């Protein structure tokens, strides 16, 4: 099997899982949302990952989301799936992803257990041995690889094309980027990655997963371009006008990292309702109204190019 061993770069799209009134996956809404992300210039689609409520999907729903994503993307951008859970489930999902013709997968943290480094090595090894697809390792929660083990995995498995950081240990990140360098892509996967991207960019991270892009992608792109161009004045302005206010709401309740995305999408008129599966909770009315005001103000200051600024 000949594959392009290169990770997606730029702004990475992480669609949510839209549910219909019966609580099932709304396939049409999902397809529309993926079209929206691609047409807005996002470089890739990461389907059924954290923002896609991977934790709350059954296997049939997971398969449906992958099938919809592959069809909607139609080879315009690469599609990566989320795999994780128990080792048996992760291996099964990696094989299913390959069968459904996705381009690669993001390995989410294993279920609950905080293993030793050798245990994490064996967890990743079993998944990587099950599929030839490109793989991105996720530094987060109970799965944080130290330099010797990460180097060992990269040496042994050429399908590892990227490392995504959602842990935030900058000392560790510096050691990894300085010793491993450009053998892999370094992806900022911190919750609300735009908030930390000015620091991450300085140590070799050129890509990030964007929750905000699900509803105001033009502002995320404006911010990203400003970062690349060294336009610190615009970076700071967007940071203060948009990013910090949204982040203050996101931190008010656990689980808002997922549900706040859906609230923003609903406010923007996209086909997603403010509904999530437990243990997440939907955005409360007070916070919803606060987010609406922030988005209104953001659209006034940073209008959508060549389109109506908003539906308001």
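Values in this text are rule-based calculations from the coordinates and carry no lab data. Just so it is clear, the model here is predicted, and its values are computed rather than measured. Please note: Cβ atoms are built from the backbone with ideal geometry, for glycine as well, and neighbour counts cover all protein chains shown.
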* Counting only C-alpha contacts under 8 Å and six or more residues apart, can you give the relative contact order of the range 68-194 as a whole percent? => 20
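State the extension gain, in nm to one decimal, for the chain segment bounded by residue 111 and residue 95, taking 0.36 nm per residue of separation less the distance between their alpha-carbons. Before the final figure, lay out the partial values.
Numbers: separation 16, 0.36 × 16 = 5.76 nm, distance 1.87 nm.
Separation in residues times 0.36 nm, less the Cα-Cα distance, equals 3.9 nm.
Taking 0.36 nm per residue of sequence separation and subtracting the Cα-Cα distance, how much length would be gained by fully extending the chain between residue 156 and residue 75, in nm to one decimal? Don't jump to the answer; show the numbers that get you there.
On the way: separation 81, 0.36 × 81 = 29.16 nm, distance 2.86 nm.
Taking 0.36 nm per residue and subtracting the Cα distance, the gain is 26.3 nm.
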* Can you check how the C-alpha radius of gyration of the range 168-312 compares to 2.2 N^0.38 Å, as a plain ratio? => 1.11
* Given a Förster distance of 35 angstrom, what is the FRET efficiency for residue 126 paired with residue 240, based on the Cβ-Cβ distance and rounded to 0.05? -> 0.15
* To do: Report the residues of the range 1-30 in range of a label on residue 231: point 7 Å along Cα→C-beta, backbone N strictly under 17 Å from it.
  => 11
* Helix 285-301 versus the longest principal axis of the chain: what angle, 0 to 90°, nearest 10, using Cα atoms? -> 80
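Let a ≥ b ≥ c be the square roots of the eigenvalues of the Cα gyration tensor of the range 226-291; is it rounded (a/c under 1.5), or, if not, prolate (a/b larger than b/c) or oblate? Please list the in-between numbers first.
Details: a/c = 2.47, a/b = 2.08, b/c = 1.19.
In terms of gyration-tensor shape, prolate.
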* Label-point separation (nm) for residue 88 and residue 60, each offset 7 Å from Cα along Cα-to-Cβ? -> 2.1
* Listed values (i) 17.5; (ii) 25.7; (iii) 15.2, entry calculated as mean projected area of the Cα convex hull in nm² -> (iii)
* Structure fact -> Taking Cα atoms only, helix 256-267 is inclined relative to the longest principal axis of the chain by an angle, in degrees rounded to 10, of 40
* To do: Could you work out the relative contact order of the chain, using alpha carbon pairs under 8 angstrom and six or more residues apart, expressed as a whole percent?
  => 16
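Report, in deg cm²/dmol and to the nearest 500, the calculated mean residue ellipticity at 222 nm for the chain, where each DSSP H run with n ≥ 4 adds -39500 (n - 2.57) and the sum is divided by the residue count. Could you put the intermediate results ahead of the total?
On the way: 12 runs with 140 residues, N = 312.
Roughly -14000 deg cm²/dmol at 222 nm, from the helical runs in the chain.
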* Against the longest alpha carbon principal axis of the chain, how many degrees, from 0 to 90 and to the nearest 10, is the axis of helix 217-229 turned? -> 70
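How high is the relative contact order of the range 194-312, given as a whole-number percent (alpha carbon pairs under 8 Å, six or more residues apart)? Display every interim value, and only then the final one.
On the way: 102 pairs, mean separation 26.0, N = 119.
Value for the range 194-312: 22 percent.
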* On full extension of the chain, what length is gained from residue 9 through residue 21, given 0.36 nm per residue of separation minus the C-alpha to C-alpha distance? -> 0.8 nm
* Asked: Where does each of 141-154, 32-45 land if you order them by average Cβ count within 10 Å, highest first?
  -> 32-45, 141-154
